[in-house]
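I have placed the structure first, in the form of structure tokens, so that the comments after it can refer back to it.
The values are calculated or read from the model by the stated rules, or taken from the named source; none is laboratory data. What you see is a predicted model, and the numbers here were worked out from it, not measured in a lab. Cβ atoms come from the backbone with ideal geometry, glycine included; neighbour counts cover every protein chain shown.
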Amino acid sequence: MCNQYPSRRVLIVDDEESVCEALSRSIQARLGCEVRFVLNGSEAVAQLKENSYDIVITDMVMGGLHGLELIAALRAETAESHIMVMTGFPDDFPYVDIVRAGADDFIVKPNYPGEIEAKVLRTFKERELREHLALAEEKYRSLFERNMNGMLLIDRDAHTILDANKAFCKLSGKAREDLLGVSLFELVGAAEGERLAQGLALCAKGGQGTLGDISLSRAGAAAACVDVSITFIEAAGEAVALLAFTDVTDKRTMEQQLAAAAITDEVTGLANRRTFFTRLEWVLAQARRGATPAALMLIDVDNFKHCNDTHGHQAGDKVLNTVGQLIRMTIRGNGDEGFRYGGDEFAVLLLGAPASAGARVAERMQSALAACENYGTTLSVGVVDYREGMTAADFVKAADEALYRAKSLGKNAVCVE
């Protein structure tokens, strides 16, 4: 005995009991499955009402319910059973009619026992394969749907969306039915689409890969920043790509905020001293390359220590914040930039403007501060032009000397060099 399929069940229908017994013994011995038999069509229909069978093997010609009517009645009771018809009168029942009635296979008597065993074995193997595929599909569907990341299944060549999970629908703000059949590139901008296309082509060569910082459009919301993991697979004979989207919007926003905090002075909102020196080198490079005028302003808050000692550090911070706002309000938006240089000192870089323009900016700032709650503070300003051959250190030193002379004039003064 070969117990290959002990969980499988076969029902034999024939009005000759000896035929039923012989087939039962043969199939059980060969395949180890459970086999039952009945002697007429009505009993077969009754069996299918109460039990499930993988295969029904039935004769076509019997007393009572038989022929095409029997096949139709059996099929009406079960959509899953494989119905195998055997007959000694093949000319009476054309194959096409048998199939239309609901049968799956056809065997001619009397040379049939070995053929039946072979076909039963084949059917069991096919069912086993289908069940494994169904289980794999169920596992895939479960993983696909329950995945916390947004998931898309796309056509490898056309890049149209074949499937989308709930997480992706939530991420994109789009319903699944609105995504199916849509090109993947419609979900990103033109520039991002080109980068995504190049990434897909590269990943296709290696079978998988990852693309970072893709901007994904969202319905009714700002675009999301996502990382995309790409895996190329074969599914149901089709070449497809499985895409997993990780939303990194909050992470990137935090990174940008941290990066901004690293270059920004907390009290004034201006760029800090480290950023000033980085920007200074860039301004000097522009001035040297294009013979563009450039100027540097160094600004000192007069009487700042007295303000702190008399009114407290909160008042001092308020003055610094006010000066920062005045710098942003009075300089040009294009090419000029203000910095907190350190303590109570500020710097302003002017690109494309001479020191004389910086002097006018300084005077406007002095007037504006005088009109604010300034706690007795004023501004002393030194302004210098960039001159050919100057290094960054030379430029800063010249501005510092101009500032010193402005303070020596009695404070609240502007000195241009």
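Please pick out the residue among ALA175, ALA167, ALA118, ALA201 that is hydrophobic (A, V, I, L, M, F, W, C), modelled with pLDDT of 85 or more and within 30 Å of ASP14 (Cβ to Cβ). Every option except ALA118 fails the conditions. Of all the residues in the stretch 229-276, those that are outside any loop (DSSP other than H, G, I, E, B), farther than 30 Å from ARG146 by Cβ and touching a residue at least 24 places away in the same chain (Cβ under 8 Å) number 4.
Going through the stretch 12-33 one residue at a time, which ones are under 17 Å from ASP54 (Cβ atoms) and of a type outside the set (Ser, Thr, Tyr)?
To start, the set of residues in the stretch 12-33 that are under 17 Å from ASP54 (Cβ atoms) comprises 12-13, 23-24, 26-28, 30-33.
Of everything in the stretch 12-33, those that are under 17 Å from ASP54 (Cβ atoms) and of a type outside the set (Ser, Thr, Tyr) turn out to be ILE12, VAL13, LEU23, ILE27, GLN28, ARG30, LEU31, GLY32, CYS33.
Only one entry in ASN303, ASN374 is of a type outside the set (Lys, Arg), in contact with a Lys or Arg (Cβ under 8 Å, 6 or more places away or on another chain) and farther than 25 Å from ASP394 by Cβ, namely ASN303. Only residues that are crowded, with 16+ Cβ neighbours inside 10 Å and of a type in the set (Val, Ile, Thr) were counted in the stretch 190-223, giving 1.
Scan the stretch 349-371 residue by residue and report those that are under 18 Å from VAL414 (Cβ atoms), in a loop (DSSP other than H, G, I, E, B) and not aliphatic (A, V, I, L, M). Steps first, answer last, please.
We begin by selecting, within the stretch 349-371, every residue under 18 Å from VAL414 (Cβ atoms); these are 349-350, 353-371.
Next cut, in a loop (DSSP other than H, G, I, E, B) only: 353-354, 371.
Listed by number, the list holds a single entry, PRO354.
Please tell me if ASP265 is acidic (Asp, Glu) and crowded, with 17+ Cβ neighbours inside 10 Å. So ASP265 passes the test. Applying the condition of being more than 17 Å from GLY102 (Cα to Cα) and loosely packed, with under 15 Cβ neighbours inside 10 Å to the stretch 53-79 and asking which residue is nearest to the chain's Cα centre (by Cα) yields GLY64. Taking the criterion of being assigned to a helix (DSSP H, G or I) and crowded, with 17+ Cβ neighbours inside 10 Å, the residues of the stretch 326-348 that qualify are LEU326, ILE327, THR330. Among the numbered conditions (1) under 30 Å from LEU31 (Cα atoms); (2) of a type outside the set (A, V, I, L, M, F, W, C); (3) surrounded by 14 or more Cβ atoms within 10 Å (Cβ to Cβ), the only one that ARG130 does not meet is (3).
When the test is whether a residue is within 15 Å of ASP14 (Cβ to Cβ) and in the same structural domain as ARG30 (by TED's automatic domain parsing), ILE98 does not pass it.
Tell me, which residue of the stretch 78-92 that is part of a loop (DSSP other than H, G, I, E, B) and over 21 Å from THR123 (Cβ atoms) is modelled with the lowest pLDDT?
The first filter runs over the stretch 78-92 and keeps only residues part of a loop (DSSP other than H, G, I, E, B), leaving 78-81, 88-89.
Right, trim to over 21 Å from THR123 (Cβ atoms) and you get 88-89.
On the way: GLY88: 73, PHE89: 68.
Among them, the one singled out is PHE89.
All conditions but one from (1) part of a loop (DSSP other than H, G, I, E, B); (2) surrounded by 15 or more Cβ atoms within 10 Å (Cβ to Cβ); (3) not charged (D, E, K, R) apply to ALA295; the one that does not is (1).
Count of the stretch 170-189 residues, restricted to those that are in a helix (DSSP H, G or I) and either out of contact with any strand residue (DSSP E or B) (no Cβ under 9 Å at 6 or more places or on another chain) or loosely packed, with under 13 Cβ neighbours inside 10 Å (or both), is 5.
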